[in-house]
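See structure below.
The values are calculated or read from the model by the stated rules, or taken from the named source; none is laboratory data. What you see is a predicted model, and the numbers here were worked out from it, not measured in a lab. When we count neighbours, we look across all protein chains shown, and the Cβ atoms used for this are built from the backbone with ideal geometry, even at glycine.
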Amino acid sequence: MLEVRIHGRGGQGNVVAAYVFATAAFAEGWHAQAFPAFGAERRGAPVVAFVRLNNQPIRRRCQVAQPDFLIIQDEALLHVPGITDGLAADGGILLNSSRSADSISAELGRPVMTLPATRLALEHLGRPVPNTALLAGFLTLTELFPRTALTAALEQRFKGDVLKRNVELIEAAAGQVPAARWKERSDAARH
Amino acid sequence: MRHAIEGSQALAQAVALCRPQVVAAYPITPQTHIVENIAKLVADGKLDCELVSVESEFSAASVVLGAASAGSRTYTASASQGILLMSEVLYNIAGMRIPMVMTCANRAVSAPLSIWNDQQDSMAVRDAGWIQLYCADNQEAVDTHIQAYRISERTELPVMVCVDGFTLTHTLEPIDLPSSEEVDQFLPPFKFSRALDPRNPTSMGTLVSPDYYPEARHSHHQALLNAEADIIAADNDWAALTGRSSGGLLTVDGPDDARIGILTLGAIHGTLAEARDESSDLPSTRLIKLRAFRPLPAAALRAACTGLDDVIVLERAFSPGAGGILSAELQAALASMDSPPRVHSYAVGLGGRDVPMDLYARLLKTIDGATPGPFTIFDVNLENLPAAER
């Protein structure tokens, strides 16, 4: 089973990111589950969402305590105590940041991949919503399934110009991270 | 066809497939997405239905009571304080034997304020005279709502479908949504034999003297006991049509020679089942997933517990000062057995406390052949309390 924990703030599309990712994975033949763990219901409050993918039906409904990967939508959250709790020793962190992966990895003491998701979202969508760019980056790193599945999942939510700009955003974000860097790790988790 | 879809959205579509004529609801977390999505189906012209915006849950229940009394198929949904505010009307709906379906998106009850999941809300109205069915996953929740209309309209008893808030309502997972042809085949249009009609005026819920009140109560109790057959029949017929059973009154999963059973209501089942299947080093257990809590299927529970030495009851609500509700009822049901199993009563997951995979092993560690201790909240951190309150 592959388990992902997505950290963000209310209003950043955390839950939508989890839903879109699970929807795309399901269309690609995975068993998928996505759900939020809300805190206070307000914009800006830290929010966590979870995604599980497996090759058989997923029955457990507990929170993801030992994720294979973290996606962090707000750089400031990296410094919230407990944010990396349970993350597998060889697991990966994808962080929304304009800073270099090297400097943040050195600060945190473990490898982090970075993607300037807010900047890309502002360029392509005109809104600071980092979720789509991060999903595109995550898919590029893991190669779990083709990015076209992500586009198809977005087609269920967006139409016309908004959809077109999201598709452009996916391609732009994909070019920002090394392809297949986490493929071995994600392939191991899927069994 | 299977879709990856959020539980609430699937429930809205399932309710719409049942062609309700009147829906009235007041939004409350975690029920909100269900009624929002129904409202959207109405606004988009995909559901022809009178949607009544009301100012409180008391009014929501009152509107559907009136509409159903006049012969409409109706729907409402609520949770937590909303269920409590409805409670007077819920007793009236059941006492007048009005068919309808509502969803309880199970949530803890204040105070302290919690938006998260347990089952204190539906347990608080367990004596209202409604049928109560609990769902273990979103597929069961979809199928149970459709079955609930048939059960309700055949028994003339209202049905509350209990769906764990967030754990199911806000979880996206693969769900098979039936076609409208399948639902139409299963669920004929509602014809209420006692529908209010000005050409044939009748009164409902009027003053009853002591000469008749106990008889009315007996009739209601008997109707609920008799509903067991309708619950089983609806599930069997649905399984014949779609290939999917929702578990009738209860389901038993595990080896016949297991000596330990675990009894659950609702969505906690899946985590335990997966933990059990991953724990081949632990004693085998029989998982008893109770779907019908009202009527309480006493005979089916006795059969499910036959051969067990111990039954662990996982309570998602309790009665302060007394203890576990389900376990007390189970003990009463098992009392007539020659050698009933020992009943262990633990509350877990109160107010949304996570129910992790390792709960299964920790539960089994408490079974040592000794007489069970008193009801306890299993996952309580006593060190967080002042010494005098531990």
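The table for this structure:
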{"item": "Residue match in the range A:50-70 (condition: over 26 Å from B:Asp137 (Cα atoms) and of a type in the set (Val, Ile, Thr))", "result": "no"}
{"item": "Subset of the range B:261-272 that is hydrophobic (A, V, I, L, M, F, W, C) and in a strand (DSSP E or B) - its residue that is farthest from B:Gln139 (Cα to Cα)", "result": "B:Ile262"}
{"item": "Boolean, B:Glu329 is within 22 Å of B:Asn381 (Cβ to Cβ), among the acidic types (Asp, Glu) and either within 19 Å of the chain's Cα centre (by Cα) or surrounded by fewer than 17 Cβ atoms within 10 Å (Cβ to Cβ) (or both)", "result": "no"}
{"item": "Qualifying residue in the range B:141-161 (condition: in contact (Cβ under 8 Å) with a residue 24 or more places away in the chain, out of contact with any helix residue (DSSP H, G or I) (no Cβ under 6 Å at 6 or more places or on another chain), part of a loop (DSSP other than H, G, I, E, B) and within 14 Å of chain A (Cβ to nearest Cβ))", "result": "no"}
{"item": "Residue that is surrounded by the most Cβ atoms within 10 Å (Cβ to Cβ), among those in the range B:351-390 that are of a type in the set (Val, Ile, Thr) and closer than 23 Å to B:Ile268 by Cα", "result": "B:Val355"}
{"item": "Set A:Arg119, A:Arg127, A:Arg110: member being without any contact (Cβ under 8 Å) to a residue 60 or more places away in the chain and in a helix (DSSP H, G or I)", "result": "A:Arg119"}
{"item": "Unique match (being farther than 25 Å from B:Pro20 by Cα, in contact (Cβ under 8 Å) with a residue 40 or more places away in the chain, of a type outside the set (D, E, K, R) and surrounded by fewer than 19 Cβ atoms within 10 Å (Cβ to Cβ)) among B:Ala195, B:Ala216, B:Ala223", "result": "B:Ala216"}
{"item": "Pick from the range B:121-133, criterion touching a residue at least 12 places away in the same chain (Cβ under 8 Å) and either out of contact with any helix residue (DSSP H, G or I) (no Cβ under 8 Å at 6 or more places or on another chain) or among the charged types (D, E, K, R) (or both), ranking: surrounded by the fewest Cβ atoms within 10 Å (Cβ to Cβ)", "result": "B:Arg126"}
{"item": "Near pairs, Cβ below 8 angstrom, 6+ apart or cross-chain, from the range B:371-390 (over 14 Å from B:Tyr346 (Cα atoms)) to any residue that is hydrophobic (A, V, I, L, M, F, W, C)", "result": "B:Arg390/B:Leu382"}
{"item": "Within the range B:32-52, tally of residues that are within 17 Å of B:Met160 (Cα to Cα) and either within 14 Å of chain A (Cβ to nearest Cβ) or touching a Cys at 6+ places or on another chain (Cβ under 8 Å) (or both)", "result": "1"}
{"item": "Pairs, first at pLDDT 95 or above in the range B:294-306, second assigned to a loop (DSSP other than H, G, I, E, B), C-beta under 7 Å, six or more apart", "result": "B:Arg294/B:Trp130; B:Pro297/B:Leu249; B:Ala300/B:Leu249; B:Arg302/B:Met337; B:Cys305/B:Pro341"}
{"item": "Qualifying residue in the range B:242-260 (condition: polar (S, T, N, Q), in a strand (DSSP E or B) and under 30 Å from B:Gly352 (Cβ atoms))", "result": "yes"}
{"item": "Hits in the range B:339-370 - residues which are away from every other protein chain (no Cβ under 14 Å) and in contact with a helix residue (DSSP H, G or I) (Cβ under 6 Å, 6 or more places away or on another chain)", "result": "B:Pro340, B:Pro341, B:Val343, B:Ser345"}
{"item": "Cβ-Cβ under 6 Å pairs, at least 6 apart or on other chains, the range B:266-286 side facing chain A (nearest Cβ under 9 Å), far side among the acidic types (Asp, Glu)", "result": "B:Ala267/B:Asp164"}
{"item": "The range B:230-257, residues that are loosely packed, with under 13 Cβ neighbours inside 10 Å and either among the small types (Gly, Ala, Ser) or on the phi > 0 side of the Ramachandran plot (or both)", "result": "B:Ala240, B:Gly243"}
{"item": "Failed condition for B:His344, given (1) exposed (fewer than 12 other Cβ atoms within 10 Å of the Cβ); (2) more than 22 Å from A:Arg61 (Cβ to Cβ); (3) not aromatic (Phe, Trp, Tyr)", "result": "(1)"}
{"item": "Index of the failed condition, B:Thr169 passing every other in (1) in contact with a Pro (Cβ under 8 Å, 6 or more places away or on another chain); (2) more than 30 Å from A:Ala25 (Cβ to Cβ); (3) part of a loop (DSSP other than H, G, I, E, B)", "result": "(2)"}
{"item": "Some residue of the range B:138-148 being at pLDDT 95 or above, farther than 26 Å from A:Ala22 by Cβ and not acidic (Asp, Glu)", "result": "yes"}
{"item": "Selection from the range B:20-36 of residues that are under 25 Å from B:Pro188 (Cα atoms) and buried (at least 19 other Cβ atoms within 10 Å of the Cβ)", "result": "B:Pro20, B:Val22, B:Val23, B:Ala24, B:Ala25, B:Ile34, B:Val35"}
{"item": "Any hit, the range B:163-181, residues being buried (at least 20 other Cβ atoms within 10 Å of the Cβ), of a type in the set (S, T, N, Q) and more than 14 Å from every other protein chain (Cβ to nearest Cβ)", "result": "no"}
